[in-house]
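The values are calculated or read from the model by the stated rules, or taken from the named source; none is laboratory data. The structure presented is a predicted model; accordingly, all values stated were derived computationally and were not measured. As a convention, Cβ positions derive from the backbone with ideal geometry for all residues, glycine included, and neighbour counts pool all protein chains shown.
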Amino acid sequence: MQDDPREIIHRLYHGHRKAEHILLSHSEAVSRKALEVARLVPHLEPDLKFIQEAALLHDIGMIRTSAPMLGCHGDLPYICHGVEGRQILESHGLHAHALVCERHVGVGLTVKDIKANNFPIPEYEMLPISVEEKIVCFADKFFSKIGGTREKTVQEVRSSISRYGEDKIREFDSMLSLFSPV
């Protein structure tokens, strides 16, 4: 990666100080957690540099959404931030980073999820595949963008995911098991 992730964010978020501050605070917390998780599983050979970069950029697409509490005044529903992030990062030639954006939403989105919820996004599987994608997705679940950077407990994460169904809890628990030290 040629540009520092923070520089890419700063250029895109120019004039949107609140959104930039919220994004950076959240993404830095996710990055720290993701690196912590990655270090617990050296046997999976995670790429630490990529994880740090992708964690900083994973929510970059939120600027195009309508989320006034995050300082974002775009036209799209927030669920679109992953797909929009992919488009943004692909335009910068960051194709692997772009996939993290698209695949981190929830614990990943299936075609069934997209159809059942009538989400205004393309109908294809958006599930984290690589170990790095899974680590960033997993770490992201521990932090909210609203209310600071307090890390949620595993039980709080499970509770917040539970509203999306048992299959989502099972997917989170699978990640939790994968990223437990050997």
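Can you tell me which of (1) in a helix (DSSP H, G or I); (2) more than 18 Å from R150 (Cα to Cα); (3) free of Cβ contacts under 8 Å to residues at least 40 places away in the same chain is the one L35 doesn't meet?
(2)
Condition first: of a type outside the set (K, R) and surrounded by fewer than 24 Cβ atoms within 10 Å (Cβ to Cβ). Now tell me which residues in segment 77-93 satisfy that.
Going through segment 77-93, the residues of a type outside the set (K, R) turn out to be 77-85, 87-93.
If the condition is that a residue be of a type outside the set (K, R) and surrounded by fewer than 24 Cβ atoms within 10 Å (Cβ to Cβ), then P77, Y78, I79, C80, V83, E84, Q87, I88, E90, S91, H92, G93 are the ones that fit.
Which one of these does K168 not meet: (1) farther than 20 Å from K112 by Cβ; (2) of a type in the set (D, E, K, R); (3) in contact with a helix residue (DSSP H, G or I) (Cβ under 6 Å, 6 or more places away or on another chain)?
Among (1) farther than 20 Å from K112 by Cβ; (2) of a type in the set (D, E, K, R); (3) in contact with a helix residue (DSSP H, G or I) (Cβ under 6 Å, 6 or more places away or on another chain), the lone unmet condition for K168 is (1).
List the pairs whose first member sits in segment 114-128 and is farther than 15 Å from R86 by Cα, whose second member is part of a loop (DSSP other than H, G, I, E, B) and of a type in the set (F, W, Y), and whose Cβ atoms are under 9 Å apart, counting only residues at least 6 apart or on separate chains?
Short answer, once both residue conditions are applied: I114/Y124.
Determine if segment 59-68 includes at least one residue that is surrounded by 15 or more Cβ atoms within 10 Å (Cβ to Cβ), in contact (Cβ under 8 Å) with a residue 40 or more places away in the chain and more than 16 Å from L12 (Cβ to Cβ).
No - not one qualifying residue is present in segment 59-68.
Specify the residue that is surrounded by the most Cβ atoms within 10 Å (Cβ to Cβ); the eligible residues are those in segment 38-58 that are free of Cβ contacts under 8 Å to residues at least 60 places away in the same chain and more than 17 Å from M175 (Cα to Cα). Give the derivation first.
Initial filter on segment 38-58 (free of Cβ contacts under 8 Å to residues at least 60 places away in the same chain): 39, 42, 48-49, 52-53, 56-57.
Going one step further and asking which of them are more than 17 Å from M175 (Cα to Cα), we end up with 48-49, 52-53, 56-57.
Numbers: L48: 14, K49: 10, Q52: 18, E53: 23, L56: 24, L57: 27.
Checking each candidate, the answer is L57.
Out of curiosity, is H16 under 13 Å from the mean Cα position of the chain (by Cα), at pLDDT 95 or above and either within 26 Å of I129 (Cα to Cα) or surrounded by 15 or more Cβ atoms within 10 Å (Cβ to Cβ) (or both)?
No, not satisfied.
Counting only residues that are assigned to a helix (DSSP H, G or I) and more than 20 Å from E133 (Cβ to Cβ), how many does segment 161-182 have?
Residues in segment 161-182 being assigned to a helix (DSSP H, G or I) and more than 20 Å from E133 (Cβ to Cβ): 2 in total.
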